[in-house]
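Asker: Sharing a structure, written as structure tokens. Questions coming.
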Amino acid sequence: MKTNLQPGPRVLDDRYLEIRARILELAAELDRIDRGSGVSSDPRMDRIHAGIRLLLDGPTAGRAEQVQLLFSDFYDPGWNIPQPRA
């Protein structure tokens, strides 16, 4: 992974509009979901809410890793082992 060496204010200047657009897009997606029905008990919504909480209240470093881990499946060493061809 490439380390960002730019100062925070420079990154904010360069990326603010893109970040704002992504937040707006997320808000619109959540609005569309809320207008529907049948997702109140869906565990995916629990993960989405947990991901948002991680962004707001989680550690100040490593947010991307924490969100990735939240949405990842646990490692299964026996998953999808190729079978020999007959």
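No value in this document is a laboratory result; all are computed from the given coordinates. Bear in mind that the values here come from a model prediction, so they are computed numbers and not experimental data. Here the Cβ positions follow ideal geometry from the backbone for every residue, glycine too, while neighbour counts run over all protein chains shown.
Asker: If you plug each phi of the stretch 49-55 into the Karplus form 6.51 cos²θ - 1.76 cosθ + 1.60 with θ = phi - 60°, what whole-Hz ³J(HN,Hα) values come out, in order, with x for Gly and Pro?
Answerer: Result, ordered by residue: 4, 5, x, 5, 4, 4, 5 Hz.
Asker: How many nm is it between the label spots at PHE71 and ALA28, if each spot is 7 Å from the Cα in line with the beta carbon?
Answerer: In this crude spin-label approximation the distance works out to 1.8 nm.
Asker: Please report, in debye to the nearest 20, how large the charge dipole of the chain is about its Cα centre when each Lys and Arg carries +1 at its beta carbon and each Asp and Glu carries -1 there.
Answerer: Working: 12 positive and 13 negative charges, 41 e Å.
Taking the Cα centre of the chain as origin, the dipole is about 200 debye.
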